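Since the structure comes first, as structure tokens, the remarks are kept for the end.
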Amino acid sequence: VFALYDARIPADVVSARHFDSWWKKTRHTDPGLLTFTRDMLVNAGRDAVDPGAYPDAWLADGVRLPLSYQFEPGRAADGVTVAVPLPLLNKLDPDDFGWNVPGLRKDIVIALIRALPKHLRTNFVPVPDWADAVLARVPARHGSLPDAVGTELRRLTGTIVPRDAWRPGEVPEHLRMNFRVLGENGETLGQGRDLEVLRRSLAPKVQATISAAAGNIERRGITTNDFGTLPRSAAQVRGGYEVTVYPALADERDSVAVRVFETEAEQREAMRAGTRRLLLLTLPPAAR
């Protein structure tokens, strides 16, 4: 940008007043002199960048999550940010996002290998070449990236890298996916690189969203079977996304409740305990 102006604005234009006076005359004879063109603004070699390496969205279980990119070293959003609707927060697979976008994957693998203890790291020199060799052979986004890299390095070299030798936490922040959790109106509820920390901090809001998606199914203080048959699942659109919940009986010691859960596994576990409690509350003492 400096070079463009330096080549076009005379050296004696040294203030806003000088500039206004000069440009008032110059724009009549050469109106396009200070107009930027695409070729001036875009770096040479731009055609070598594959748009597929930096996609606009992340596909997770059939859901399209928008991605945004920011170059701001030291700031919270530096790197790649995925926008996550609150109802989907607990459905994401942290291992899947460890792969990040294709354009950053090689740098992530390099960082992982360089973070290994020295006695292991020295087996994989030069590191960039080994990163290329690994990524050419492993299927992307299948399980954990460190596990996939370790398996392939063992196949290529015979060197075993123990799982606890990997230090994904030492991968630079800008190479780790940033999660921005959004409310129903698009407001940011929280963001960070650690999905588990976000889940814990936003757990009450997630539960409120799940309960809202259940409609009027949830109840408390039940001591007899007056609720009929519980549906296997219930679905409702929240914030533009369909949220499916799984109703079950929940044990509350002196009663049971109908609550909704995010997964069928949680539903089954709660239903077993809730059904047992309801039987204990309703069967005659001799049958217990």
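The values are calculated or read from the model by the stated rules, or taken from the named source; none is laboratory data. Bear in mind that the values here come from a model prediction, so they are computed numbers and not experimental data. Reconstructed Cβ throughout: ideal geometry from the backbone, glycine too, with neighbour counts over all protein chains shown. The accessibility values were calculated without ligands, DNA or RNA, using every heavy atom of the protein model including side chains. Shrake-Rupley method; radii C 1.70, N 1.55, O 1.52, S 1.80 Å.
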Kindly rank 106-114, 131-139 from highest to lowest mean number of other beta carbons found within 10 Å of each residue. 106-114, 131-139
Along principal axes, largest first, the alpha-carbon spread of the stretch 192-245 in whole Å comes out as 46, 25, 15
Scattering profile of the stretch 147-260 at q = 0.17 Å⁻¹ [log10 I(q)/I(0), Debye over alpha-carbon scatterers]: -0.92
Peptides ranked, highest mean first, by Cβ atoms within 10 Å: ranges 204-215, 238-249: 238-249, 204-215
Between Lys118 and His28, Cβ-based FRET efficiency (R0 51 Å, step 0.05) works out to 0.15
Restricting the count to DSSP beta bridges whose residues both fall in the stretch 64-199, what percent are antiparallel, rounded to a multiple of 5? 60 percent
Report the relative contact order of the chain, percent, no decimals, based on alpha-carbon pairs under 8 angstrom and at least 6 residues apart. 13 percent
Per the Kirkwood formula over distinct C-alpha pairs, the hydrodynamic radius of the chain in angstrom is 24.2 Å
Using a 1.4 Å probe and counting only protein heavy atoms, arrange Phe36, Phe179, Phe71 so the residue with the most accessible area comes first. Phe71, Phe36, Phe179
If you roll a 1.4 Å probe over the chain with all protein chains in place, what percent of the accessible area is carbon or sulfur? 51 percent
Largest-first ranking of His174, His142 by accessible area, probe 1.4 Å, whole protein assembly kept, is His142, His174
In whole angstrom, how long is each semi-axis of the equivalent ellipsoid of the stretch 236-288, when you take the square root of 5 times every eigenvalue of its Cα gyration tensor and sort them from largest down? 30, 9, 7
Kirkwood Rh, Cα Rg: Rg to Rh for the stretch 85-201? 1.04
Taking only DSSP H segments of four or more residues, each worth -39500 (n - 2.57), what value at 222 nm results for the chain once the sum is divided by all its residues, to the nearest 500 deg cm²/dmol? -10500 deg cm²/dmol
Using R₀ = 30 Å, calculate the FRET efficiency as 1/(1 + (r/R₀)^6) where r is the Cβ-Cβ separation of Arg163 and Lys91; round to 0.05. 0.75
Rank Val63, Val82 by accessible area, highest first, at a 1.4 Å probe radius? Val63, Val82
